[in-house]
Amino acid sequence: MNCPPCPRCTGRIEATDLRCPVCGHATAKPSERAHVVTKTLRCTSCAAAMAYDAAHQAPRCVYCDAVLALEERTDPLETVESWLPFTLAPEDARTALRTWMESLGPFRPGDLRDASHVDELTPVWWVAWIFDAKALVSWTADSDMNTGKADWAPHGGQQELSFDSILIPATRGLTFLETSVLTPTYDLRTASPTSEGPPEARKELFAVHRVAARKRIDDALRFRAKQRIHDVVPGKRRRRLDLSVVVHALDTRRHGLPAYVLAYRYRGELYRAVISGQDGACVLAEAPWSPWRIAVAVVAAVAVLMAVVGLALG
Amino acid sequence: MRGTPGTPIRQRHEVACDGCGAVLLVEADHRSTTCPFCASPAIVERPHTETPEPVFVLGFATTREEAAGAVRAWIRSRGVFTRSDFRRAALERTEGIYTPTWLYGALARSVYRAEIGEDYEYVTLDEASLTSENATEWVPFVGRWAGYIQDIVVTGSRAIPNDALEAIEPYPLGELRRYDAAIIAGWTAEEPTLDRATCFALAHDEAEQRVTRALHAFMPGDRHRRLAHETTFLEESLDLVLLPVWSFAARYHPSKPPVRILVNGVTGAVHGDVPRSWIKIGLAVLLALAAVATVALTIGMALTT
């Protein structure tokens with residue numbers, strides 16, 4: 001947890017890292033020794049000398065066949081480090097859903113609010129990575145600015161970008177759209193190592209190992225860098241944008257973010273709703289349309305149109 | 001600070017076997033030994049002032065039999081100009097060696113200049129016909145580039161030249177382990193026999209080449225020429241890594257020296273210098289000349305008639 005940052009890129013190092021995941025700097029530190037000595041590895045069960053065995057990729061005793069387990073090459077599953085508290089109680093979530101139903105406009109069934117019944121209300125902490133980073137980005141591209149005879153002219157530059165609290169969803173339970181709507185509703189300063197919320201709240205697990213997680217974070221960072229640099233390239237049209245990204249001071253945190261997932265029933269049909277656990281105004285849900293009301297509206301619109309046309313012609 | 005070849009950096013040591021107490025004589029460039037009295041495989045640990053401690057090690061993942069199989073398949077698949085007796089070569093002196101290598105990394109910052117070519121089409125009107133032609137407009141271009149240089153491995157052993165190591169690379173560096181004597185127990189492990197400054201220069205050269213390659217790929221436009229760059233390497237690191245190498249001696253003729261064949265101890269990649277058959281090459285050249293002469297003659301005769 002409290003490893004000193006990488007001396008080359010000042011990024012965060014986990015306790016089990018052998019090399020910096022960003023720049024490859026070694027983290028191992030040798031201890032001091034004063035004399036030349038020999039050491040023999042002894043089998044713990046029969047005390048015979050052991051030798052490394054290529055077939056087992058571990059030391060093996062030739063007499064009793066015991067295999068010594070080496071320190072694991074670690075690629076642990078990601079785990080949540082801090083949780084954001086639920087500031088919205090389950091009852092408030094139900095109210096939020098009803099308020100949202102009222103705000104839906106005229107083309108929904110009139111009894112939607114009163115005839116709907118919440119079948120299931122699950123408070124859940126969904127998982128996401130949040131990273132801060134700085135990056136020195138060198139770029140080149142062709143653009144239509146300052147061209148001569150050809151349609152394109154070369155452009156290039158180098159600039160420092162900084163990324164603050166970029167959230168990358170790791171959840172499998174919520175859709176990408178749901179996570180992007182929920183994200184701005186959270187106050188990341190409320191993160192704490194203990195989870196505060198309804199006792200029945202479920203904690204989603206990161207179903208991703210660290211190496212894969214780092215790849216996703218790195219991809220997200222490069223994608224965002226490319227988006228930002230895209231706007232920096234002068235001209236109206238551009239092509240062949242190429243980037244070299246030197247990431248430094250990368251700090252990634254693994255958060256659990258509070259949300260309510262609801263299933264409500266209206267006339268036998270089930271609908272899904274997601275509400276932020278920190279903002280009752282953020283409701284993302286499906287709701288039925290009222291075909292009858294839409295038909296009336298269409299008929300009315302056609303009638304008005306015909307009346308206007310009739311008046312104009314008459 | 002370059003070490004002259006042939007002179008050992010360190011002295012031989014007398015060390016007591018921790019199994020039976022016998023006194024072992026350990027070669028200066030060996031990190032492991034086997035006690036001749038009790039057959040215990042032992043690891044030699046020296047003060048860090050005398051020899052650098054390995055930081056990482058990659059354990060052998062191919063067995064002796066697998067490596068020998070890979071070598072035999074490799075020998076069989078050599079080209080037509082290989083000496084025939086090489087295909088029947090006997091494999092002698094097989095040895096699995098943990099070879100000292102250096103892992104280099106740095107942050108590279110470059111200032112580059114080049115000429116960028118953008119293609120265009122232009123239309124000319126001559127004698128009432130329109131013709132379009134392609135041309136390239138060249139523009140001078142300068143800029144800055146920065147990138148991390150990682151995973152450069154260079155030899156630390158006089159016994160294995162860098163190009164031989166490169167031929168059996170890459171090693172899966174994602175599977176490195178922190179150095180642990182248990183991984184080299186029972187195997188030959190070498191101490192670095194090339195001095196650090198030499199290896200550093202070697203790694204530095206390779207880093208320079210990587211930057212050049214990266215810059216060529218980085219240039220905008222349809223084409224470019226006259227790319228030049230000045231690069232500084234910051235935060236350089238050089239860590240000692242033991243990599244597994246199988247070494248075979250293939251003897252194909254009693255009067256010729258055996259050919260050394262190296263095998264990557266993880267991936268099984270094989271490299272060696274194949275002895276060529278000069279008779280076969282000479283015959284092929286003669287055959288080619290004869291074919292050319294026949295063709296020329298035929299054409300000549302056809303033209304005269």
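Here are a few things to note about the model shown:
- Yes/no for A:Arg254 being open to solvent by 40 Å² or more (accessible area, probe 1.4 Å) and not hydrophobic (A, V, I, L, M, F, W, C): no
- Scanning region A:139-168 for residues that are crowded, with 18+ Cβ neighbours inside 10 Å and among the hydroxyl-bearing types (Ser, Thr, Tyr) turns up A:Thr140, A:Ser143.
- Search result, residues across region A:74-97 that are open to solvent by 40 Å² or more (accessible area, probe 1.4 Å) and closer than 18 Å to A:Val211 by Cβ: A:Thr74, A:Asp75, A:Pro76, A:Leu77, A:Thr79
- Pairs where the first residue, in region A:235-258, is facing chain B (nearest Cβ under 9 Å) and closer than 21 Å to A:Asp164 by Cβ and the second is hydroxyl-bearing (Ser, Thr, Tyr) and part of a strand (DSSP E or B), C-beta under 7 Å, 6+ apart: A:Val246/B:Tyr148
- A residue that is over 18 Å from the mean Cα position of the chain (by Cα), without any contact (Cβ under 8 Å) to a residue 12 or more places away in the chain and at positive phi occurs somewhere in region B:125-140.
- For B:Phe60: the one exception among (1) open to solvent by 10 Å² or more (accessible area, probe 1.4 Å); (2) part of a loop (DSSP other than H, G, I, E, B); (3) modelled with pLDDT of 85 or more; (4) within 8 Å of chain A (Cβ to nearest Cβ): (1)
- Failed criterion for B:Leu243 (all others in (1) within 30 Å of B:Ile97 (Cβ to Cβ); (2) modelled with pLDDT under 95; (3) part of a strand (DSSP E or B); (4) not β-branched (Val, Ile, Thr) hold): (2)
- Selection from region B:234-284 of residues that are open to solvent by 70 Å² or more (accessible area, probe 1.4 Å), among the polar types (S, T, N, Q) and out of contact with any Ser or Thr (no Cβ under 9 Å at 6 or more places or on another chain): B:Ser255
- Residue within region B:121-134 that is open to solvent by less than 40 Å² (accessible area, probe 1.4 Å) and within 12 Å of another protein chain (Cβ to nearest Cβ) present: no
- Condition met for A:Phe176 (in contact with a Pro (Cβ under 8 Å, 6 or more places away or on another chain) and either buried (at least 18 other Cβ atoms within 10 Å of the Cβ) or away from every other protein chain (no Cβ under 14 Å) (or both)): yes
- Considered as a group, the residues in region A:1-20 that are open to solvent by 40 Å² or more (accessible area, probe 1.4 Å) and in contact (Cβ under 8 Å) with a residue 24 or more places away in the chain include one that is nearest to the chain's Cα centre (by Cα), and that residue is A:Arg12.
- Those helices (runs of 4 or more DSSP H) lying entirely in region B:147-225 with at least 3 residues at pLDDT 95 or above and open to solvent by 40 Å² or more (accessible area, probe 1.4 Å): B:196-218
- Figure legend. Inter-residue proximity from region B:164-188: first residues more than 7 Å from chain A (Cβ to nearest Cβ), second residues part of a helix (DSSP H, G or I) and not acidic (Asp, Glu), beta-carbon distance below 8 Å, spacing 6+ or different chains. Indicated pairs: B:Gly174/A:Val211.
- With respect to the stated conditions, A:Val261 is open to solvent by 20 Å² or more (accessible area, probe 1.4 Å), under 27 Å from A:Arg172 (Cβ atoms) and of a type in the set (Val, Ile, Thr).
- Residue list for region A:74-130, filter: part of a helix (DSSP H, G or I) and either charged (D, E, K, R) or modelled with pLDDT under 85 (or both): A:Glu91, A:Asp92, A:Arg94, A:Arg98, A:Glu102, A:Arg113, A:Asp114
The values are calculated or read from the model by the stated rules, or taken from the named source; none is laboratory data. Because the structure is predicted, anything quoted here is derived from the model rather than measured. With ideal geometry, Cβ positions are generated from the backbone for all residues, glycine too; neighbour counts draw on all protein chains shown. Each accessible area value is taken on the protein alone, full model and side chains, heavy atoms only, with ligands, DNA and RNA left out. Shrake-Rupley method; radii C 1.70, N 1.55, O 1.52, S 1.80 Å.
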